[in-house]
Every structure is written in structure tokens, then in C-alpha cells.
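The values are calculated or read from the model by the stated rules, or taken from the named source; none is laboratory data. Keep in mind it's a predicted model, so treat the numbers as computed, not measured. Here Cβ is always computed from backbone atoms with ideal geometry, including for glycine, and neighbour counts include all displayed protein chains. Note: areas computed on protein heavy atoms with side chains; ligands, DNA, RNA excluded. Shrake-Rupley method; radii C 1.70, N 1.55, O 1.52, S 1.80 Å.
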Amino acid sequence: MAAATATAGNAVNDCFSIGSTVMCTTCFNEEVEGEVLAFDHNTKMLILKCRSKTTEELSDIYVLNLSLCSNVQVIKECNGNFVAEPQKLNLEQVSSNVKMRLKKAVERRREYLKSQNADVSSEAQELYRAIAKQYGYNEVSWQGLNIQILNEVTISPPYRVDNVVSSSNNETSCNYIKRIIKQFFNSRISGAQDSTSNAAASTSSASVSPTSSSLSSSNAASGSPVPAN
């Protein structure tokens, strides 16, 4: 049976049989394939049960708006023997999960924006985020060019261990923050060295590998036969 297809903006199938296998491309250019659990023609909402990306024991449930999808295809029609009634979805739980994910996404975006400072380098902003991951973004803030932690520890440019000062002489917090700074810069140095080593190895390999044209030119100049490829 030929696969039934539809594109965004065109009419989709009047009905998808429960148990059929459908594949489509979302507006995020993600291909989704799964078993039809439900379809509402009026709203063009399709619910698919797909293989979990994390474990074979579970399934992922996708609620798709086909008006925003493309390349809708019926991969396999239900053979008519599908008698198992699909489990009822807890729409309140689904809605709650969507709201929770949206809230977390907004919080992550806000946290990232808090780390931005147009007056400092990108390296300083990365250090800010590294510290905020340990203490929480609510405990870290920009005070001009300085990074302030717990309202008592300040890191001033150039943001090295020697630039850590505590207004309350809290040596414990200072030492912990200094370890974070050391680890941050050590990891950057290590990453830079690895990149340099890989680049040097690639350059060395390219310089000692003669090309066929240079080999041919050398052999021709010396009167030697050119080896066949």
C-alpha cells in the first residue's frame, strides 16, 4: 500500500487508524515515527507512542499539531486486528509537565542572561557561569566588572586567585572559590594544549606526505619511472 503523505498547509488524512504507524517531520526539523494512539481531525492533533530515546522499557508520547508538521506519512496501516484499547492520557499531567519544562527553559535562559556583561570578556562570563553552577545563580551577581558571591566574596579583574577578596574574611569560601578558578583556567589551558597538539600533528602529517604530483615531478626530473597508482 502506498504511503499516504501530506505537507504543512495541506489537508491531512481525515482519520488515522489507532494502531497504525505514522511518521512526520516537526517544525523543529525532527523526524518522529510512532504508533497512533489518538487523532482529532478538527484540531489536527495527533498522539503517537514512540520508542524511548533513553530506555527500551518505556515509550515516549508525542502530541503533535499536524498543521505545523510536514511529510506526514502512514508507514503501516493497522491490519484491523488492533483490539487493545489505548491507555487514557492524563491530560492534566501532560499539561503540568509541559508547563514545568517551559518554566525550566525560561529559568535557564534567565540564568544565562544574568551571566552576560558587555563590559567584560567572554572568558570572564564563562568563569561567572562556572561559579554559578556551584553556588546557584541567585548567589552570584555582577557588581560592575567584579563578580560577587554570597554578597561577601568579590573577584576583580583579571579574575585570578590573587583577585579573590572576602569582606568578612571568610577563608573557607575564599579557598573554595579559588579552587573553582584554578580548575577553570587549568581546564582551559589543557584544552588549548590539546588543540595545539592536534593541529601540529595534522601539519606534520601533511608536510611529510608527498602528493602524487610532487612525486611525479621528482621522478621526472631524475629520469626515474613514475610508479603506477
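Per-atom-type breakdown for the stretch 88-165 gives carbon and sulfur 48% of the accessible area (1.4 Å probe, protein chains only). What is the stretch 62-152 by shape, rounded, prolate or oblate, if you read a ≥ b ≥ c off the alpha carbon gyration tensor as root eigenvalues and call it rounded for a/c under 1.5, prolate for a/b larger than b/c, and oblate otherwise? Taking the square roots of the gyration eigenvalues as a ≥ b ≥ c, the stretch 62-152 is prolate. With an a/c value of 1.5 or above and a/b not larger than b/c for the gyration tensor axes a ≥ b ≥ c computed over the alpha-carbon atoms, the stretch 17-68 is described as oblate.
With R₀ set to 41 Å, the beta-carbon distance separating ASN29 from LEU145 gives a calculated FRET efficiency near 0.50.
Averaged over residues, the count of other Cβ atoms within 10 Å places the peptides 143-156, 175-188 in the sequence 143-156, 175-188, highest first. Based on protein heavy atoms only, the stretch 98-195 ends up with 66 Å² per residue of surface accessible to a 1.4 Å probe. Please give the FRET efficiency for GLN73 paired with LYS103, using the beta carbon to beta carbon distance and R0 = 25 Å, rounded to the nearest 0.05. So the FRET efficiency works out to roughly 0.15. Starting from the Cα of GLN134, move 7 Å in the Cα-to-Cβ direction to define the label point; list residues of the stretch 106-121 whose amide nitrogen is under 18 Å from there. Residues passing the 18 Å test: 115. Here the Karplus curve 6.51 cos²θ - 1.76 cosθ + 1.60, taken at θ = phi - 60°, turns the phi angles of the stretch 40-57 into couplings of 10, 5, 5, 9, 6, 9, 10, 10, 10, 9, 10, 4, 5, 7, 10, 8, 6, 7 Hz, with x standing for Gly and Pro.
Per residue, the solvent-accessible area of the stretch 20-69 (1.4 Å probe, heavy atoms of protein chains only, all protein chains present) comes to 62 Å². Extension gain for VAL161-ARG110 works out to 15.6 nm (0.36 nm per residue, less the C-alpha to C-alpha distance). Over the stretch 85-138, the Kirkwood radius and the radius of gyration, each from Cα atoms, give a ratio Rg/Rh of 1.30. Greater than 28 Å separation of Cα atoms is the criterion. Which listed pairs, LYS114/LYS182; LYS76/LYS99; LYS53/LYS178; LYS76/LYS103; LYS53/LYS114, meet it? Over 28 Å Cα-Cα: LYS76/LYS99; LYS53/LYS178; LYS76/LYS103; LYS53/LYS114.
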